[in-house]
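Here's a structure for you.
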Amino acid sequence: MQEVVAGALFMFIFKETSRNAYNSDRGDVIFATNYYRHFKLHLPHPDTIDQVMRDLPPQLLEELKAQLVGRLIEQKTLRRFRFQDKYYFVAVDATGIQTFTKRHCEHCMTRTSKKGVVTYFHYVLEAKLVSSSGHAISLASEFIENLEHRDFNKQDCEQKAFVRLAVKIKHYFPRLPICILADGLYPNDTTFGICRRNDWRFIITLKEKCLKTFNEEAGLLNATAKGCSVARADKSTRTLLEYKFLNDIEYKKHNYSWVSCNETVIYRSEKDNKVQQFVYITDLHLTTGNVANTADGGRLRWKIENEGFNTQKNSDYKMEHKYSRKSYNAMQNYYQMLQIAHMINQFTEKSRDFIELLKQYSKQTIKALWKELLTFMKSIPYTPAQLQEFISG
Ligand SMILES: [Zn+2]
């Protein structure tokens with residue numbers, strides 16, 4: 001089992017992008033011997049991996065992932081990225097992982113176009129630990145799915161999945177101080193209640209049409225100049241940041257704070273200036289001292305989309321590749337393997353040695369270095385004794 005799970009993991013760590021590519025490397029005797037040399041494991045046949053991925057209950061790999069992340073937290077690896085020296089930023093967002101033109105499994109979600117064409121798809125709600133230096137590490141994943149024991153007429157959705165995801169996060173990380181970052185879908189009483197009960201803080205995107213009474217009161221207070229503001233300029237990026245905040249605005253018997261950040265990128269001619277506004281609701285008490293970090297924290301939510309989803313979907317990992325065409329179970333297991341592999345690779349790619357390598361010449365890319373890694377695995381000769389050990393191992 002160790003060899004099979006490690007094999008699946010290395011398929012993603014080596015960024016093989018398909019079971020065929022993995023199998024061709026596996027057939028290379030130098031590659032297989034070097035793999036054995038380093039890990040004392042054999043590379044299993046992809047069909048064997050697939051069989052196990054089909055049968056293994058997905059919560060086992062999710063647990064393995066949580067244990068690994070738990071060790072990282074214990075080892076204080078991510079401590080310096082904490083907010084207010086206490087909270088880990090956890091971004092929550094959903095992303096599509098597979099689409100099909102025909103029903104793939106009984107848990108498929110469905111969408112019907114205006115022309116009546118039905119698409120079957122799967123998507124997942126992720127909670128990722130994000131950092132200002134670009135980490136996006138999966139804490140927990142909740143598949144958004146149609147299950148018979150839930151009301152079949154009402155499809156599952158991101159909001160319902162968040163309730164389940166929160167239970168998972170609390171189960172795996174009961175004492176972790178968390179600050180939830182989420183988009184404009186999340187400012188509602190359910191989310192606030194979940195955060196309150198779990199003792200999590202939150203910074204959530206607030207759209208104009210959301211929480212009408214809260215927004216109205218914030219507008220009113222801002223108009224009467226009750227708000228406090230702070231400004232900051234970044235010369236290197238020619239950016240001006242203006243933060244505004246209000247505390248103690250009541251919504252459904254609880255008080256929350258309102259915060260906005262206006263970002264102006266300054267060009268030679270004033271008419272070219274680009275202005276963007278970001279507004280958040282948070283349960284943190286804001287001061288002129290912490291408002292900038294809070295709003296900047298809210299903006300880290302983007303990391304789950306860029307460093308998280310986009311990296312996993314692009315050529316490196318091909319998240320949307322159909323590693324298993326029929327089995328929903330296997331799809332979930334491959335997904336968990338991808339999360340673990342991506343986490344390991346992030347620490348490699350952010351390590352000092354690796355960054356040094358990237359700097360060696362100006363056009364060096366991560367992709368090219370990965371190619372070299374595979375070349376190394378296929379070309380560094382082993383000693384006859386090592387080959388013997390591999391054969392008899
Ligand atoms: Zn399906």
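To the nearest 10 degrees, how steep is helix 158-172 against the longest Cα principal axis of the chain, on a 0 to 90 scale?
70
Just how much of Ser236 is accessible, in Å², when a 1.4 Å probe is used and the result is rounded to the nearest 10?
Probe radius 1.4 Å; accessible area of Ser236 about 100 Å².
Taking θ as phi - 60°, what are the ³J(HN,Hα) couplings along segment 67-76 by the Karplus curve (6.51, -1.76, 1.60), each to the nearest whole Hz, with x for Gly and Pro?
Result, ordered by residue: 5, 5, 5, x, 5, 4, 5, 4, 6, 6 Hz.
Out of Arg268, Arg26, Arg238, any idea which swings most in a Gaussian network model of the chain, alpha carbons joined below 10 Å?
Arg268
Which cross-chain or sequence-distant (5 or more) residues have an amide H under 5 Å from the amide H of Phe83, H modelled 1.01 Å from N in plane?
HN-HN under 5 Å from Phe83: Tyr88, Phe89.
Lys244: which aspartates and glutamates have alpha carbons under 20 Å from its alpha carbon, excluding same-chain residues fewer than 8 sequence positions away?
Leaving aside aspartates and glutamates fewer than 8 places away in the same chain, those within reach of Lys244 are Asp183, Glu208, Glu216, Glu217, Asp234, Glu263, Asp283, Asp296.
Further, regarding this structure: If you plug each phi of segment 174-181 into the Karplus form 6.51 cos²θ - 1.76 cosθ + 1.60 with θ = phi - 60°, what whole-Hz ³J(HN,Hα) values come out, in order, with x for Gly and Pro?
x, 10, 6, x, 10, 10, 7, 10
Rg and Dmax of the chain, using alpha carbons, in Å: what are they?
23.9, 82
Treating only the Cβ atoms of Lys and Arg (+1) and Asp and Glu (-1) as charged, compute the dipole magnitude of segment 303-356 about its Cα centre; round to the nearest 20 debye.
Result for segment 303-356 is approximately 360 debye, rounded to the nearest 20.
Rank these residues by their accessible area, most exposed first, probe 1.4 Å: Val167, Val52, Val92. List each step's numbers first, then the result.
Details: Val167 100, Val52 25, Val92 0 Å².
Correct descending sequence by accessible area is Val167, Val52, Val92.
Determine by what factor the alpha-carbon radius of gyration of segment 152-308 differs from 2.2 N^0.38 Å, reporting the quotient.
So segment 152-308 has a normalised radius of gyration of 1.14.
Can you list residues whose amide H is under 5 Å from Leu139's amide H, if they're 5+ apart or on another chain and H is modeled 1.01 Å from N?
Distant-sequence amide H within range of Leu139: Ala127, Lys128, Leu129.
Taking the Cβ of Asp316 as the centre, find all other residues whose Cβ is under 13 Å away and add up their charges (Lys, Arg: +1; Asp, Glu: -1).
+1
Another question, then. What is the distance in Å between the Cα centres of segment 105-179 and segment 310-347?
Value for the Cα centre distance between the two parts: 15 Å.
Check the straight Cα-Cα distances from Lys371 and name the aspartates and glutamates below 13 Å, setting aside those fewer than 8 residues away within the same chain.
Filter leaves Glu16, Asp25, Asp316.
I want the local charge near Arg196. Using Cβ-Cβ distances under 13 Å, sum +1 for each Lys or Arg and -1 for each Asp or Glu among the other residues.
Net local charge, Arg196 excluded: +2.
Could the peptides 82-89, 228-235, 125-132, 140-147 be put in order, highest first, of the mean number of other beta-carbon atoms found within 10 Å of their residues?
Per-residue mean Cβ counts within 10 Å order the peptides as 125-132, 140-147, 82-89, 228-235.
Over segment 201-293, what per residue volume does the convex hull of the Cα atoms give, in whole Å³?
About 109 Å³ per residue, rounded to a whole number.
Same structure, new question: Using a cut-off of 10 Å between beta-carbons, work out the net charge of the residues near Ser18 (Lys and Arg +1, Asp and Glu -1, Ser18 not included). Numbers along the way, then the final one.
Values: positive: Arg19, Lys318, Lys322; negative: Glu16.
Neighbour charge sum, excluding Ser18 itself: +2.
If ligands, DNA and RNA are left out, what is the accessible area of Asp156 with a 1.4 Å probe, given in Å² to the nearest 10?
Solvent-accessible area, nearest 10 Å²: 10 Å².
Between helix 46-55 and the chain, what is the angle of the helix's C-alpha long axis to the longest principal axis, kept within 0 to 90° and rounded to the nearest 10?
Its long axis makes an angle of about 50 degrees.
Let me ask something else about it. Can you give the % of DSSP beta bridges in the chain that are antiparallel, to the nearest 5?
The antiparallel fraction comes to roughly 85 percent.
Taking Rh as the Kirkwood radius, which is the inverse of the mean 1/r over Cα pairs, what is the Rg/Rh value for segment 267-342?
With Rh from the inverse mean 1/r over Cα pairs, Rg/Rh is 1.21.
Let me know the Kirkwood hydrodynamic radius for segment 129-202, please, with Cα pairs as the basis and the value in Å to one decimal.
That comes to 13.7 Å for segment 129-202.
Is it possible to state the helix-based mean residue ellipticity at 222 nm for the chain, with each DSSP H run of 4+ residues giving -39500 (n - 2.57), the sum divided by total residues, to the nearest 500 deg cm²/dmol? What is it?
-12500 deg cm²/dmol
Also, I was wondering about something else. How much area per residue is accessible in the chain when the probe is 1.4 Å and only protein heavy atoms are counted (Å²)?
For the chain, the per-residue accessible area is 52 Å².
Still on this model: Quick one: angle between helix 189-198 and the longest Cα principal axis of the chain, in degrees between 0 and 90, rounded to 10, please.
70
Under the Karplus relation 6.51 cos²θ - 1.76 cosθ + 1.60, θ = phi - 60°, what is the ordered set of whole-Hz ³J(HN,Hα) values for segment 354-367, x standing for Gly and Pro?
5, 5, 4, 4, 4, 7, 4, 9, 4, 9, 4, 10, 4, 4
On to the next question. Given H placed on each backbone N at 1.01 Å, which residues far from Cys228 in sequence or on other chains put an amide H within less than 5 Å of it?
Amide H to amide H, under 5 Å and 5 or more residues apart or across chains, Cys228 pairs with Phe245.
Cα gyration tensor of segment 256-393, axes a ≥ b ≥ c as square roots of the eigenvalues: rounded (a/c below 1.5), prolate (a/b > b/c) or oblate?
Taking the square roots of the gyration eigenvalues as a ≥ b ≥ c, segment 256-393 is prolate.
The values are calculated or read from the model by the stated rules, or taken from the named source; none is laboratory data. Just so you know, these numbers come straight off a predicted model, no measurement behind them. Glycine also receives a Cβ, built like all others from the backbone with ideal geometry; neighbour counts cover every protein chain displayed. Note: accessible area is taken over every heavy atom of the protein model, side chains too, but ligands, DNA and RNA are not part of it. Shrake-Rupley method; radii C 1.70, N 1.55, O 1.52, S 1.80 Å.
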